[in-house]
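Below is one structure; the comments refer to it alone.
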Amino acid sequence: MKIRPDPSVNPVTRSAGGIAEAVPATSWPRLRLALIGLGISVVPLDTSVNIAFPDITGSFGLPIPMIQWVVICYVLTHAGLMLALGRVGDIWGHALIFRAGLIWSIAAFLLCAAAPSFGWLLFFRFLQGIGAGLIISCAPALVTGLYPEARRSHALGIFTLMFALGSAVGPLIGGALVAQWGWPAVFWFRAPIALTSLLLLRGLPRGADAGSDQRFDIAGAIMLAAGLVSLLLAVNALPRLKEGDYLALLLIPAAGASLAGFVWWEGRAAQPIVRIELFRHSRFAIVNLAAALMYMLTFSVMLIGPYFLVHYTGLTLPQAGLVLASGFVAMALTSPVAGRVVARIGAGRVAPLGALATGAGLFSIGGWHPDTAPLLMVASLAIHGIGLGLFQVAYMELVMAASPVAHRGVAGSLAMLTRTIGTVTGAALLMLGFQMIASAARAEGAGDATAFLTAFDTMFRLAGIAAALTGGLVAWSARRPAAAR
């Protein structure tokens, strides 16, 4: 019997790890995209925790520098797992890993909200990091899998939009929730969001080319996780060398040995987690380094910004959250446009422009004072957000374009890993730099408020200049002759 094609089905098919799926031309793919976005959102909604930093440190009687461990325990965990989980998704199915992440995250959110002490909160943040790794390791592959290859940059713009919307809404919701119920609310409110996505999300391809020839590189995953965790912990421990804490001196060689072993092993593995040969091309290596630097510099907004807005502006918590969210709103609005711009003029040209705009926004934030009008603060953050939206879409397109379809989970994980490395490094180095500048100001007789504002101004001015220089580095690498793919 001859079967007539269904007019409601797009003839373009896509493969998610080997299993092709017809793309309906109805609104059903849009519903799936919305539900994927809802599930993805529980990760960027973690920006709600940043606006709760002052309440967390106040509730547990902690000095401000201790708050960095709330970031590090969470981010360090999914940093160490992300690439390996992306490969697991490539083998066993991106949808399966994504759903497992939602289930795990629901439990972790509720545990974080119920944490009886700061130590327990850090442990539950570690558990939350596992859930985040499961979700975001496969999220880019899931989103791009809903579009044909010719529209990949558009799909990446949509993914960045989803991530930016969650990041934008986080501080706004977080400020209102903390004002009403205290810091635990920034965790428990995400459990029903994850549950809704989990229960309603249907129709995703199984996605795994689950033949007997597919094997997961366990040895490589262990070496990679050990190397990344040791390296990032070493970065955090370096500032304590002057206090007689020599943990960093042990962690650095351990990290070097683990990562060197990983590179050696992956170059010989039949089915590696990461195609190491990609990093032998200078343009690919430089753009990933630039991305990590950009994410490190831009994390200054979420690390230091909440303290300025809450303690030095007279804004209420909801108002401070609204101001902090404005940069992510600008990023969200820019992301779909960025996808089209990248498709038209090329990612290699858009990435430097985005970095320059981000640097301009950061430099402008350095000019804030307690009497700065909120609209001017929003303008600075909007410039920063527009630049970051352009840069992120262009960067993810460069990484995805360099990877085969069968490794899209790993490619998407790599794009997210640079964000994670930048965040963890920023949490340690930015706070160290901030404390050093503030201490120098106090040594010259400045009070606590003046020392804070001096460090705030200096840090953001330097971050802006560094972001602009990073854009120049990307532009320089793009002008070099391209290596054969």
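Values computed for the structure shown
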{"item": "Residue in the stretch 442-456 that is within 17 Å of Tyr295 (Cα to Cα) and either of a type outside the set (Phe, Trp, Tyr) or modelled with pLDDT under 85 (or both) present", "result": "no"}
{"item": "Residue ranges of helices (runs of 4 or more DSSP H) in the stretch 234-349 with at least 1 members under 30 Å from Ala185 (Cβ atoms)", "result": "282-311, 317-345"}
{"item": "Leu381 being in the same structural domain as Pro65 (by TED's automatic domain parsing), assigned to a helix (DSSP H, G or I), aliphatic (A, V, I, L, M) and over 30 Å from Ser477 (Cβ atoms)", "result": "no"}
{"item": "The listed residue being of a type in the set (A, V, I, L, M), assigned by TED's automatic domain parsing to the domain that holds Tyr307, in contact with a Pro (Cβ under 9 Å, 6 or more places away or on another chain) and assigned to a helix (DSSP H, G or I), out of Ile130, Ile67, Ile97", "result": "Ile67"}
{"item": "Cβ pairs under 8 Å, 6+ apart, first in the stretch 82-109 and closer than 26 Å to Trp120 by Cα, second of a type in the set (Phe, Trp, Tyr) and assigned to a helix (DSSP H, G or I)", "result": "Ala108/Phe124; Phe109/Phe187; Phe109/Trp188"}
{"item": "Hits in the stretch 369-378 - residues which are surrounded by fewer than 21 Cβ atoms within 10 Å (Cβ to Cβ) and either in contact with a helix residue (DSSP H, G or I) (Cβ under 8 Å, 6 or more places away or on another chain) or not assigned by TED's automatic domain parsing to the domain that holds Leu309 (or both)", "result": "His369, Pro370, Pro374, Val378"}
{"item": "Members of the stretch 328-352 found to be crowded, with 19+ Cβ neighbours inside 10 Å and not small (Gly, Ala, Ser), listed by number", "result": "Phe328, Val329, Met331, Thr334, Val341, Val342, Val350, Pro352"}
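Rundown of residues vs (1) under 14 Å from the mean Cα position of the chain (by Cα); (2) under 24 Å from Thr423 (Cα atoms), yes/no style:
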site	(1), (2)
Gly119	no, yes
Leu122	no, yes
Gly145	no, no
Leu165	yes, yes
Ala176	no, no
Gln180	no, no
Trp183	no, yes
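The values are calculated or read from the model by the stated rules, or taken from the named source; none is laboratory data. Bear in mind that the values here come from a model prediction, so they are computed numbers and not experimental data. Counting neighbours? That spans all protein chains shown, and the Cβs are built from the backbone with ideal geometry, glycine included.
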